[in-house]
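What follows is a short report on a single structure.
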Amino acid sequence: MNVDEFGYLIDNCGLKTMDGGKHVFFQPIKSRSEKTVQKIVKENHLENLSIEEMNPIFQKYYPLYQSKKELMAHQFSSMSPQQTADLPIEKKLEYMESLFFASQTVENLVNVCKKNEENIRACLFHMDFPQSFWEAEKKLADRYVALIATQPEITDKMKDWGNTTLEEKKEVVAKAAEVFEHVYGIKVDFDFFSPEEERAKNRAKGLPEDTHINGGQQSGHKISFNEERLQEGDNFFAVSVLFHEATHIRQEFETFEDPLVERIFNCRVDNAVYYEKARDDKKDIRYQDLYAMQPVEKHAHGLQEYVENELIEKTGIRKMFGKEVDDEIKKIHNKTFSMAKLAQYHSLQK
Ligand SMILES: [Zn+2]
């Protein structure tokens, strides 16, 4: 074993005990890292180790791992934002993987974020997907569009969204979820919530009364739709938000061919976003910028916009705007879609 392999296990796993504490094993935290964890465990015979056997491994590698982390952290904070931006993608990932890891304490996270605010931003803003990835993803999205476009149960309702009931709109979501499952071979569950329910939850959490409520959110394989936004939103809302949120499911559970893409999605840069969110609130402009810069959002927003445009092209259905969303939501949307466009432009230049 080398220090990088040890570091991968520490950064991506929880150490669990079994047989009443006699044996220990590495439990991957995200399903994405399972394969690599298994490989390292197998190659280094780390299955079913007793605590006595694990101890010397930690004594040998933990100090090395620690000093490598410190060195990386030091190097990262000594760079200028421009130098950070110019780093090759592999280096950017190496730094981000070293800065944000599974067993990170809140204290460590706060220190890292405070110390590197501008460099983290420069790094995320310029963390671009390979152009080949965008191309392959658009080809797949074309299949989603083509199948949506040939289903009158969906398109007829989109054409007459104003006279479609909430129940019928929910059926459009269900149909779109079926199409997504078919194209991507991934499970998509969904349910609906009312803003009232969400506000009650926020109140219970002690959050301010005007906390932003999403149009849709994803957790595991499930997407929760804001039924008020579904009812009042534009006629693309159901198929478009379903696509966006289900793309987040793929990012979490699908294995992508390109190892770089795998690393981008396995990277815990969302820790930096949590930090910024906790520090202020969602209305803070620095939070919104950072949110929009996350690779997962660039990917989801970039494809979502592509899907909407292609659908307009293929079906001739015009986008009819629903009830105006408030200025805050509009601002966030503008930012995220612009960031996704810039990201695609950057990939094209490489
Ligand atoms: Zn998103």
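The values are calculated or read from the model by the stated rules, or taken from the named source; none is laboratory data. Owing to the predicted nature of the structure, the values given are computational and were not obtained by experimental measurement. Neighbour counts are summed over all protein chains in view; Cβ atoms, including those assigned to glycine, are modelled from backbone coordinates with ideal geometry.
Condition check ((1) more than 24 Å from ILE332 (Cβ to Cβ); (2) assigned to a helix (DSSP H, G or I); (3) modelled with pLDDT of 95 or more; (4) within 16 Å of the ligand (Cβ to nearest atom)) across all residues:
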site	(1), (2), (3), (4)
THR211	no, no, no, no
PHE225	no, no, yes, yes
ASP234	no, no, no, no
ALA246	no, yes, yes, yes
Would you check which residues across the range 304-335 are of a type in the set (Asp, Glu) and within 15 Å of the ligand (Cβ to nearest atom) and list them?
GLU305, GLU308
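Is it the case that VAL241 is in a helix (DSSP H, G or I) and either away from the ligand (no atom under 15 Å from the Cβ) or acidic (Asp, Glu) (or both)? Walk me through it before giving the result.
Values: in a helix (DSSP H, G or I): yes; either away from the ligand (no atom under 15 Å from the Cβ) or acidic (Asp, Glu) (or both): no.
Criteria not met by VAL241.
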For the range 252-268, does any single residue satisfy the condition of being farther than 30 Å from VAL106 by Cβ and touching an Asp or Glu at 6+ places or on another chain (Cβ under 9 Å)?
yes
Would you be able to tell me the number of residues in the range 197-234 that are of a type in the set (Lys, Arg) and buried (at least 18 other Cβ atoms within 10 Å of the Cβ)?
1
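Tell me which residues, restricted to the range 304-330, are over 19 Å from MET158 (Cβ atoms) and either acidic (Asp, Glu) or exposed (fewer than 14 other Cβ atoms within 10 Å of the Cβ) (or both). Write out each step before concluding.
Going through the range 304-330, the residues over 19 Å from MET158 (Cβ atoms) turn out to be 324, 326-330.
Listed by number, the residues that qualify are GLU324, ASP326, ASP327, GLU328, LYS330.
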For the range 248-265, which positions are polar (S, T, N, Q) and within 14 Å of the ligand (Cβ to nearest atom)?
GLN251
When ARG268 is evaluated against the numbered criteria (1) within 16 Å of the ligand (Cβ to nearest atom); (2) buried (at least 18 other Cβ atoms within 10 Å of the Cβ), which criterion, by number, is the only one it fails?
(1)
Determine if the range 173-189 includes at least one residue that is at pLDDT 95 or above, more than 30 Å from PRO259 (Cα to Cα) and in contact with a strand residue (DSSP E or B) (Cβ under 8 Å, 6 or more places away or on another chain).
yes
All but one of (1) within 16 Å of the ligand (Cβ to nearest atom); (2) within 14 Å of the chain's Cα centre (by Cα); (3) part of a helix (DSSP H, G or I) hold for LYS277; which doesn't?
(2)
Being surrounded by fewer than 17 Cβ atoms within 10 Å (Cβ to Cβ), within 15 Å of the ligand (Cβ to nearest atom), in the same structural domain as PHE237 (by TED's automatic domain parsing) and farther than 16 Å from CYS123 by Cα is the requirement here; does HIS301 meet it?
no
So is ARG229 among the basic types (Lys, Arg) and touching a Pro at 6+ places or on another chain (Cβ under 9 Å) or not?
yes
Six or more apart or on different chains, Cβ under 7 Å: which pairs go from a residue in the range 14-33 that's among the small types (Gly, Ala, Ser) to one that's not in a loop (DSSP other than H, G, I, E, B)? Could you list them?
GLY14/GLN27; SER31/PHE253; SER33/ASN12; SER33/ASN266
